[in-house]
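Okay, structure first, notes after.
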């Protein structure tokens, strides 16, 4: 059942990416103001680190009965194999996307591309951690009677592994799409690959008993949105105004690369 749901997620992710990819004929640049972006990244990172060091105790939500619907797909116990797979996917994706973004961004754009990737990483991490601590949702294995006695037992919503994989993969895809203006097959591979990694991470977390399906769905959507939106906001766009005069009328059209 989980595998079937995963296949549907792949189709949804791929279709969404292909439907929303704006076409542009030539490579563009990213606008990165070090005086603004660096304090923003460091500030978000400081908040994230502060939350981690504070090690705030959880306020456990009552566990009355197992969730139903799509959240009933969980095994309600921790399964070590998928846990390992999800960790490999997480750290492999983070390292791989950071390297790919920097190396393939092109000469003169590498520092900017990495700065944008780092901004995505820190902002996504801060949002994820704040939400986890605010919601305090029990993990599936808690419903199965297992507890480690740590606050992590109540940090199920939403999935951090999924949001990190999604945000970093989609940030790399969007950044390289803007900077390199690849051919259509390469663009499809970039976005479809990001979607596939996100689905793989989410599926492994559900099979591991670490998250409910709703946790990974929300984590995937928020992560992918963050990863796509932040590089998009850094795009250097120029407003173009064209005036056209006809025999009977004068028309004005405004367009931008967005």
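When you count, for each residue, the other Cβ atoms within 10 Å and take the mean per peptide, how do 201-214, 161-174, 105-118 rank with the highest first?
161-174, 201-214, 105-118
What's the ranking of 132-141, 75-84 by average number of surrounding C-beta atoms within 10 Å, highest first?
Top of the packing list down: 132-141, 75-84.
Determine the gain in length on full extension of the stretch residue 70-residue 181; use 0.36 nm per residue of separation and subtract their C-alpha separation, reporting nm with one decimal.
36.1 nm
Since every read-out is calculated from the coordinates, none of them should be taken as a lab result. Here the structure is a predicted model, which is why all the values come from computation and not from measurement. All Cβ positions, glycine included, derive from the backbone under ideal geometry; neighbour counts span all protein chains shown.
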